[in-house]
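These notes are about the structure you will find just below.
Nothing in this text is a laboratory measurement; each read-out follows from the coordinates by a stated rule. On a predicted model such as this, the values are computed, not experimentally measured, just so you know. Because the Cβ atoms are built from the backbone with ideal geometry, glycine has one as well, and the counts that use them run over all protein chains shown.
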Amino acid sequence: MAESSKKITLYSYFRSSTSWRVRIALNLKKIDYNIIPINLLKSEQTSEEYTKINPNQGVPALKYGDEVIIESSAILEFLEEVFPEHPLLPQDAVKRAQIRGFCQVINTAIHPLQNLRVLNKIEKEYSQDKIQWLKFWVTKGLTAIEELLKNSHGKYCFGDEITLADLFLVPQVQGVVDRFQFDLTPFPNIAEVLKNLKEIPEFVAASPSKQADNPDNQKI
């Protein structure tokens, strides 16, 4: 395990894809950390205590000693800078930018539109079918990802080395497959990369089924 002079605590929800990303990074970098579960379905993220930690009332949040870092992208960049062992970004500046761009397709064009807060708003206040809404935007985003992978993928998203792109891909795609039976048949490159990544122990250990706050300790 990579040791830090400061205690590291991750505020996480077992099936949150953004928490999942960070758990993978912590595992790959072999960083010792503790998890404090925040149950989104019970609205624990809106409690007064947690709002002091993250005023945006979301997960994940990372406590590093007495300092708090919010938002998964910022947390992942922080871990890459402070714990450079087992790097998740290459040295080449162009490749780093391409990987960050890939991540942002997931982070901006897919994830926010299937966020729990958004889905609940769509269903309750606009009387829309939230599953159809989700599948429309996921399909649109994954179509772009599939096209990007045509030119970049090897065993993983960018060649044969694990990068940040893989940490964004797995939770996003596996999450919609498990929860909403999303069909990956039109996305063979995504399906191939996902299959390879799911065999890696650090990815397995970070999955929702392995988290202590998963109430059924089963895949969802």
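What the table shows:
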| read-out | value |
| --- | --- |
| Helix-only mean residue ellipticity at 222 nm for the chain, each DSSP H run of n ≥ 4 adding -39500 (n - 2.57), per residue, nearest 500 | -16000 deg cm²/dmol |
| Two-decimal log10 I(q)/I(0) for the chain, as the Debye equation yields it once each C-alpha is a single scatterer, q = 0.07, 0.19 Å⁻¹ | -0.21, -1.60 |
| Net length gained if the chain between residue 77 and residue 191 were fully extended (0.36 nm per residue, minus Cα distance) | 38.4 nm |
| Computed FRET value (nearest 0.05) for residue 5 with residue 36, which takes r as the C-beta separation and R₀ as 30 Å | 0.90 |
| Cβ-derived FRET efficiency at R0 30 Å, residue 161 paired with residue 43, nearest 0.05 | 0.15 |
| By average C-beta atoms within 10 angstrom, highest first, the peptides 66-75, 133-142 | 133-142, 66-75 |
| In Å, descending, principal axis extents of the Cα set of the range 46-132 | 48, 33, 15 |
| Residue 85-residue 178 pseudo-label distance in nm [points 7 Å out on the Cα-to-Cβ vector] | 2.8 |
| For the range 65-82 versus the range 129-207, the gap between their alpha-carbon centres in whole angstrom | 24 |
| At least 18 Å along the helix axis (C-alpha) and Kyte average at least 0.5, DSSP helices within the chain | 164-180 |
| For the chain, size of Cβ-based charge dipole, Lys and Arg +1, Asp and Glu -1, in debye | 380 |
| Label-point separation in nm, residue 119 to residue 131, each point 7 Å along Cα→Cβ | 1.1 |
| Förster radius 30 Å - calculated FRET efficiency between residue 140 and residue 97 (Cβ-Cβ, nearest 0.05) | 0.85 |
